[in-house]
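The values are calculated or read from the model by the stated rules, or taken from the named source; none is laboratory data. Owing to the predicted nature of the structure, the values given are computational and were not obtained by experimental measurement. Note that each Cβ is placed from the backbone with ideal geometry, even for glycine, and that neighbours are counted across all protein chains shown.
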């Protein structure tokens, strides 16, 4: 029977596994603290580590720091600091006192600067001066006294040629084409009545009235307008309105009634706008020009050019 050969322990050929040197990488990995999560956790660890804790909560410093995971340099937003003025400077300043026109005057429950009051006074005085010296009288319609002068014959003392020359001198001619007939039955003299109110303390003189506008359909139907009478020498006498009073004013209009009916006759009159010309106010012997006044003939005017 054969004998088994015994293993020599000394030569290292026993049943135990051979001894191996430890892996250095694994040893280093055991000494490295690891945390689960993203790179942000690593950045938080580095920010709140012991050697960096002194920067914790310091918002007044602009510290540049690096994100080790992203290799990005992040810089906090820089805000411009406003210089704060010392409150003691305001306390030390003396508030200037209002002087002159900047001083306040108590009106009721509030104070108003003298400068504002002066401006109000100037505006009020200017308006009063305008009313006194330049504002014209106010005209209102008096349709009840307006009428057609059927018995007035403009050709009684002169023919058409002489009458046209006289009208151009003494009246305000609107259209020469309206003088197209030498027969009086083709014309009507209309008296338009108005009331003039003078609100100023000075006498008003109106030398002439003119036609400012008329419907183009009846442009050649309105011959002239007249209001001033003449003296024995043939000179025009202007219409006068005394101070702070009212006066009735009559304006004569010569209308050519050829080929028009009564409705057109009234439309021609109501389409007119009559204005003053050369109006003045007598102030201490001086004649001061006034603003022209425009008279709109009333649409309620109803006249008949045929004698009833």
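A single entry from 201, 207, 238 fulfils the requirement of being at pLDDT below 95 and out of contact with any strand residue (DSSP E or B) (no Cβ under 7 Å at 6 or more places or on another chain): 201.
Screening residue 99 on (1) at pLDDT below 75; (2) in contact with a strand residue (DSSP E or B) (Cβ under 8 Å, 6 or more places away or on another chain) shows it passes everything except condition (2).
Just one of the listed residues (232, 259) is modelled with pLDDT under 90 and assigned to a loop (DSSP other than H, G, I, E, B), and it is 232.
Between 112, 118, the distinction of being outside any helix (DSSP H, G or I), within 37 Å of the chain's Cα centre (by Cα), modelled with pLDDT under 80 and more than 18 Å from residue 245 (Cα to Cα) belongs to 112 only. If the condition is being within 17 Å of residue 178 (Cβ to Cβ) and outside any strand (DSSP E or B), then segment 267-296 contributes 267, 268, 269, 271, 272. Among the criteria (1) closer than 25 Å to residue 169 by Cα; (2) under 38 Å from the mean Cα position of the chain (by Cα); (3) surrounded by 15 or more Cβ atoms within 10 Å (Cβ to Cβ), the one residue 250 does not fulfil is (2).
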